[in-house]
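One structure below.
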Amino acid sequence: SIRNEIERIIPEEPVLLMLSNNGFIKSIDPPQEVQSNARYGKTLTKFKEGDYCKSLFETNSIQTILFFSENGKVYSEKCYNITKNRMIKLESIIKTNDKIISMIPISDDVIGNTNYSLLVTTVGNKIKRINMTEFMRVNNILYTKLNEGDKVLNVELIDNTKKDQSVF
């Protein structure tokens, strides 16, 4: 497929992804650059007034990123499609006006795997565990039904094989 051809050309390199509360995203390459900047007191990025970093994690350039909206929808995008070293509006990548509340890097072997689940919490105190076998095709799908007026608060990836995790 074309996707496999692209991924053969693109080198698998470490990348830092940052999501702001106002829906901006930035891919920072490589994470070692961040460490050297931190030593000298430099910042990763400047935010507009009132905005802040909501999520920051290390992944790799060919990883799939799942974006979860507060309305219960999930979107996916490859990390290499996110512009490097520049804050851009997330809606220009995933083509939605939904507010994104969480992003999770995920490898292809996790989607459809019974060893992983998503833990979804809502403003209305609803907690739902969704097995990754329900995510065979991921883009603009409804991952959880919400009661009227409820919104998703957070989504976390859970490894079902770890016994020491407190889920419920």
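Applying a threshold of 8 Å to beta carbon distances and a minimum spacing of six or more residues, or different chains, the list of pairs starting in segment 101-126 at a residue that is on the phi > 0 side of the Ramachandran plot and ending at one that is open to solvent by less than 60 Å² (accessible area, probe 1.4 Å) and of a type in the set (S, T, N, Q) reads GLY112/THR133. Looking across segment 64-101, the residues that are among the basic types (Lys, Arg) and under 23 Å from PRO11 (Cα atoms) come down to LYS78, LYS84, ARG86.
Scanning segment 56-97 for residues that are among the charged types (D, E, K, R) and part of a loop (DSSP other than H, G, I, E, B), which turns out least open to solvent (accessible area, probe 1.4 Å)?
We begin by selecting, within segment 56-97, every residue among the charged types (D, E, K, R); these are 58, 70, 73, 77-78, 84, 86, 89, 91, 95.
Within this subset, residues satisfying the condition of being part of a loop (DSSP other than H, G, I, E, B) are 70, 86, 95.
Working: GLU70: 41, ARG86: 139, LYS95: 154 Å².
Across segment 56-97, the extreme among qualifying residues is GLU70.
Restricting attention to segment 61-72, the residues that are in contact with a helix residue (DSSP H, G or I) (Cβ under 7 Å, 6 or more places away or on another chain) and of a type in the set (S, T, N, Q) total 2. Taking every residue in segment 1-30 that is assigned to a helix (DSSP H, G or I) and pairing it with any residue that is open to solvent by 30 Å² or more (accessible area, probe 1.4 Å), at least 6 positions away or on another chain, the pairs with Cβ-Cβ distances below 6 Å are GLU7/ILE62.
The values are calculated or read from the model by the stated rules, or taken from the named source; none is laboratory data. All values reported here derive from a predicted model rather than from experimental measurement. Positions of Cβ are generated from backbone atoms using ideal geometry, with glycine treated the same way; all protein chains shown enter the neighbour counts. Quick note on the areas: whole protein, heavy atoms, side chains included, nothing else; ligands and nucleic acids left out. Shrake-Rupley method; radii C 1.70, N 1.55, O 1.52, S 1.80 Å.
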